[in-house]
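Note sheet for the following structure.
The values are calculated or read from the model by the stated rules, or taken from the named source; none is laboratory data. These figures come from a predicted structure and were not determined experimentally. Virtual Cβ from ideal backbone geometry, glycine too; neighbours counted across all protein chains shown. Note: accessible area is taken over every heavy atom of the protein model, side chains too, but ligands, DNA and RNA are not part of it. Shrake-Rupley method; radii C 1.70, N 1.55, O 1.52, S 1.80 Å.
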Amino acid sequence: MNPIDPDRALVAEATTEAKTTAEAQPQAKERGPQTRARGPLGWMRSMYKRHPAQVLIVVSELALIVIFSVISPYFLDLGNISALLLDASVYILLALGLTFVIATGGIDLTPGFGMAFTGVITALVMTNVGGPMWLAIAAGIAAGIAAGLALGTVNGFLVAKLNMQPMVATLAMMLVAWGAALSITGTSSIPLNDYRPFLALGNGKTFGLTNAIYVCILAAIIAHVLLKHTLIGRYALAMGSNEEATRMSGVNVEKWKWRVYALAGMFTGLAGVLMASRLASGKPDVGQSYEMYAIAAAVLGGASLRGGQASVFGSVIGAILIATIRNGAVHMGVSDQNQKILLGVVVLIAVYLDVRRPKERA
């Protein structure tokens, strides 16, 4: 074999590199104007490809705002917007907890009557603690959240440790929570009219907006950090994507699933505290169907009932969408019975969209 001339090899390599560069430059010039020409429309298209559910829910909410504002001149009134957000606040808190549970591929049916139970516990403790008012209020709020934590812990034990089906286990606990609330109160409310500072949490306003929405903003920020930047969120999504692979990678699936349900219970407890403040009482009969609205909010916002997908931002917007539909229906003169039909259709749409949504694999 003839030895390769080093000089000729270098020349050939340089020639090839020059040709490649010359061919690439026109392509880059062609791509440049197109990239710059994309503008807002291109950005929206890119966002839709990455977050289709979240983009659709935002567009749907904006469309509803436009429609209802045309139908009723009072819809965009600041007082009405504040009332809408106040209504959404409880849905938001319940949906935040369910976001984590649904991410695991599970379900939790306790938030509705669980909220009634935790609200009753809040009122019961608040009215029976002696000392200064601030101590009674602090004790009541802590007791309500702790009651939610206890409820979620029991749910987690049944699902993670006893390996019960989440729907069956949480359905049973929903009835337990409802019965406990009725039993504690004797089916009557526990009034909180004397606790003015506490009532300001759910009924007071700051800068024209209800204080409850600021509580929800703080809760949503915490939930987002937990879902995206801590182990409980990462493991929840991993379990939902492939539980067996997550277990084989060394994760204690039972322990973390237990913690997810306990966390959801804390959000239910916070919702119960907020509802007690709104109603100025601990009412044992509130919360009916709220778990369905919260599930629909989370699923409309991008959470998959098959697990592995969830979005705090999407759940928040989904909850606001549910509240917008209820508020707009009132402005349109839709009866309460027909509102339930309408919201039932929304739940069905949410489930259908989830079925059509492609499953992401870890």
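List of remarks:
- Sequence-separation-based contact order of the chain, relative, with Cα cut under 8 Å and 6+ spacing, percent: 30
- Bins of 5 Å from zero: percent of alpha-carbon pairs in segment 122-194: 3, 15, 19, 19, 16, 12, 9, 5, 2, 0
- Viscosity 0.692 mPa s, temperature 37 °C, Stokes-Einstein D of segment 219-362 from Kirkwood C-alpha radius, µm²/s: 195
- Residue (of Gln337, Ala350, Ser46) at the positive-pole extreme of the chain, dipole from beta-carbon charges: Ser46
- Area projected by the alpha carbon convex hull of the chain, averaged over all directions, nm²: 27.7
- Convex hull volume per residue in cubic angstrom - Cα atoms of segment 249-315: 114
- Solvent-accessible area per residue, Å², over the chain with all protein chains present [probe radius 1.4 Å]: 50
- Sulfur and carbon atoms: percent of accessible area, the chain [1.4 Å]: 66
- Taking all Cα-Cα distances within segment 278-362, those exceeding 16 Å account for 57%.
- Lysine pair count for the chain [Cα-Cα under 26 Å; pairs on different chains or 8 or more apart]: 14
- Sorted on the mean count of surrounding Cβ atoms within 10 Å across their residues, most packed first, peptides 153-165, 260-272 read 260-272, 153-165.
- Cβ-defined net charge surrounding Ala116, 13 Å radius [Lys, Arg +1; Asp, Glu -1]: 0
- Helix runs (DSSP H) in the chain reaching 20 Å along axis by Cα, Kyte-Doolittle at least -1.0: 52-71, 78-103, 111-128, 133-156, 166-185, 211-229, 253-279, 312-331, 336-356
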